[in-house]
Amino acid sequence: MTPGDVQQLIDFSYIAAAIGFILALKWLSSPVSAMRGVLIGEIASGVAVVATLFDPQVTEYKWILIALIIGAGVGVPLGMVKMTAVPQRTALSHAFGALSAALIGIAEYYVAAPNVPKFEMGEIGLEVIIGSLTFTGSLIAAGKLQEILPQRPITYKGQNFFSLSVLAAAIGLMVTLVVHPEYTQLFPIMIVVALIFGIMLVTPIGGADMPTVISLLNSYAGFSAALLGFVLNSKVLVVAGALDGASGFILSVVMCKAMNRSFTNVLFGGFGQIHVSATGVKEERPVRSATPEEAAAILSAASKVVIVPGYGMAVAQAQHKVRELYDYLTKHGVDVKFAIHPVAGRMPGHMNVLLAEADIPYDKLIDMEDINGEFPQTDVALIIGANDVTNPAARTDNTSPIYGMPILDVDKARTVMVIKRGMGAGFAGIENPLYYMDKTLMLFGDAKGFVGNIVRELSGGGSHG
Ligand code: NAP
């Protein structure tokens, strides 16, 4: 095989890998094809890596092998974390991805310094700044999600101005280096300033907003990889980085839209702090509550039930008990569906993943737009640990922080039952008027325990049908 043939084969493999990445993104967008998406993404990455190893520019394999062993040593245990730790695990992956992009950019600079062409200096500078700030930002995000760092937004007066000044300083240093690449002493200062900015970017954001931030950081890591592709003249890296960057950005936009929040509100809003009611005093209003026995009786008399899962179901890990309830009711002729709000829980697809883990059929998981029309014909809307995504104030109260957020119209069902531990607020920290409606019954208790008790009552009583 001539060197020309090898190069052609490598180029062909890169095109195949790029097609694989695009298919992976396409298939990952539905739970039915997601496994296929993961597989094709893995194969495409493998093809790209192996093709690169055959590149004639790779002259020695020793260091690659050492890095591979260290990487696998870190990656394998990271892949084994519990489902609930996936957001922080993802944040760590972005931190590593961004660090590698930054380190390669740094190496490229020192290989060429002090005679770095202006355009290349611009590329390297941007890539190193984005890679560095994404590295420290992702570490802070992971720390907040793992609760090693305080979850609450840490803010102080003049913070945004100060943070933006630090970013401006990093960019200023980069521009100086583009004009004077020979000022090599400025390069490490630029890196340190970018690393500090990453910390300042994420520290003021509340723990509960981290999924949106992580998706944004994912996007930054992708763009820094794409820039690295330009520096290294690697087309596959440009394509993969651009896909990663664009998809992360689109996901962040989708999440912000579903929460009816703007990017600026997520990044600078200090959301996720507890909101105190206007008077400062929490009013005590009566609610109607019911026992598992009463709930079981109502459910067994229903012919159409819509279950609305939320963050509380995830915390309680109640999905398997919910599956038992679903099994019992469907076996006894009740039509049971699940209403999925796009931002229920704390990460995109949170409810789909949990319900899939409990083997609930995909065709029973109905998206918000499709299920909302069915609530008026629903006998019971059973809310399990969801709060904000069912709050009618989003439709009616223009002073509410969630005003305008699309919600599940559970209040239109004939009876509403809400399983939660007490009158605690959800992520937005606000009251939910749904709980005070005449048709609403509060089922106080841990989601797993309460659903288990309902199932026990249903199976023990066995009066349905
Ligand atoms: P939520 O509004 O946060 O409410 C969850 C409710 O679950 C709480 O009110 C809590 O009430 C209850 N709960 C907690 N632990 C429980 C347990 N062990 N058993 C039973 N109930 C329990 O949840 P949501 O309705 O799913 O809404 C999600 C919120 O997160 C939205 O505001 C969304 O904008 C935001 N968010 C989502 C994402 C995403 O990607 N999905 C990302 C960022 C932010 P008690 O304390 O009374 O039990």
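Is it the case, given these coordinates, that Ala72 is modelled with pLDDT of 95 or more and under 31 Å from the mean Cα position of the chain (by Cα)? Taking the combined requirement at face value, the residue does not satisfy it. Of all the residues in the stretch 158-178, those that are over 22 Å from Ala102 (Cβ atoms), open to solvent by 30 Å² or more (accessible area, probe 1.4 Å) and in contact (Cβ under 8 Å) with a residue 12 or more places away in the chain number 2.
Here are Ile15, Ile22: which of them is out of contact with any Ser or Thr (no Cβ under 8 Å at 6 or more places or on another chain) and within 23 Å of Ser93 (Cβ to Cβ)? Even if it seems obvious, please write down each step before you answer.
Working: Ile15 fails: within 23 Å of Ser93 (Cβ to Cβ).
Just one listed residue meets the conditions, Ile22.
Kindly list the number of the only condition in (1) modelled with pLDDT of 95 or more; (2) among the hydrophobic types (A, V, I, L, M, F, W, C); (3) surrounded by fewer than 17 Cβ atoms within 10 Å (Cβ to Cβ) that fails for Ala318. All conditions are met except number (3). Within the stretch 209-259, restricting attention to residues that are more than 11 Å from the chain's Cα centre (by Cα), of a type in the set (S, T, N, Q) and within 16 Å of the ligand (Cβ to nearest atom), the residue that is farthest from Gly41 (Cα to Cα) is Ser219. Within the option set Pro286, Pro292, Pro309, being farther than 30 Å from Ala142 by Cα and modelled with pLDDT of 90 or more holds for one residue only, Pro292. Listed by first and then second residue, the pairs with beta-carbon distance under 7 Å, at least 6 apart or on different chains, first residue in the stretch 389-404 and in contact (Cβ under 8 Å) with a residue 40 or more places away in the chain, second away from the ligand (no atom under 13 Å from the Cβ) and not in a loop (DSSP other than H, G, I, E, B), are Pro392/Asp411; Pro392/Pro433; Ala393/Pro433.
Select from the stretch 320-337 the residues that are within 12 Å of the ligand (Cβ to nearest atom) and either touching a strand residue (DSSP E or B) at 6+ places or on another chain (Cβ under 8 Å) or of a type in the set (A, V, I, L, M) (or both) and list them in ascending order.
Restricting attention to the stretch 320-337, the residues satisfying the condition of being within 12 Å of the ligand (Cβ to nearest atom) are 321-322.
The answer is Val322, and nothing else.
Restricting attention to the stretch 338-384, which residues are in a loop (DSSP other than H, G, I, E, B), open to solvent by less than 20 Å² (accessible area, probe 1.4 Å) and within 8 Å of the ligand (Cβ to nearest atom)? Before the answer, list the steps.
In the first step, residues of the stretch 338-384 are kept if they are in a loop (DSSP other than H, G, I, E, B); the result is 341-349, 358-361, 378-379.
Pick out the ones that are also open to solvent by less than 20 Å² (accessible area, probe 1.4 Å) and you get 341, 344-345, 358, 360, 378.
Scanning the stretch 338-384 gives His341, Ala344, Gly345.
A residue that is open to solvent by less than 50 Å² (accessible area, probe 1.4 Å) and within 21 Å of Leu164 (Cβ to Cβ) can be found somewhere in the stretch 140-151.
When Arg395 is tested against (1) within 9 Å of the ligand (Cβ to nearest atom); (2) open to solvent by 40 Å² or more (accessible area, probe 1.4 Å); (3) outside any loop (DSSP other than H, G, I, E, B), exactly one condition is not met: (1). Of note, Gly310 satisfies the criterion of being in contact (Cβ under 8 Å) with a residue 12 or more places away in the chain, within 22 Å of Met437 (Cα to Cα) and of a type in the set (Gly, Ala, Ser). In the stretch 192-213, the residues that are more than 14 Å from Leu139 (Cα to Cα) and open to solvent by 10 Å² or more (accessible area, probe 1.4 Å) reach residues that are of a type in the set (Phe, Trp, Tyr) and within 11 Å of the ligand (Cβ to nearest atom) with C-beta atoms within less than 6 angstrom, at least six apart or across chains, in these pairs: Ala208/Phe427.
Restricting the search to the stretch 400-432, which residues are among the basic types (Lys, Arg) and either assigned to a loop (DSSP other than H, G, I, E, B) or within 9 Å of the ligand (Cβ to nearest atom) (or both)? Result: Arg414, Lys420, Arg421. Note on the stretch 51-94: among residues that are hydroxyl-bearing (Ser, Thr, Tyr) and surrounded by 10 or more Cβ atoms within 10 Å (Cβ to Cβ), the one that is farthest from Ile10 (Cα to Cα) is Thr84. Filtered by the rule that a residue be open to solvent by less than 50 Å² (accessible area, probe 1.4 Å) and free of Cβ contacts under 8 Å to residues at least 24 places away in the same chain, the stretch 15-36 gives Ala24, Ser30, Ser33, Ala34. Filtering Thr155, Thr136 for residues that are closer than 30 Å to Thr84 by Cβ, of a type in the set (S, T, N, Q) and either open to solvent by less than 30 Å² (accessible area, probe 1.4 Å) or in contact with a strand residue (DSSP E or B) (Cβ under 6 Å, 6 or more places away or on another chain) (or both) leaves a single hit, Thr136.
The values are calculated or read from the model by the stated rules, or taken from the named source; none is laboratory data. Since we're looking at a predicted model, the values are computed, not measured. For neighbour counting, all protein chains shown are included, and Cβ atoms are generated from backbone atoms with ideal geometry for every residue, glycine included. These accessible areas exclude ligands, DNA and RNA; they are computed on the full protein's heavy atoms, side chains included. Shrake-Rupley method; radii C 1.70, N 1.55, O 1.52, S 1.80 Å.
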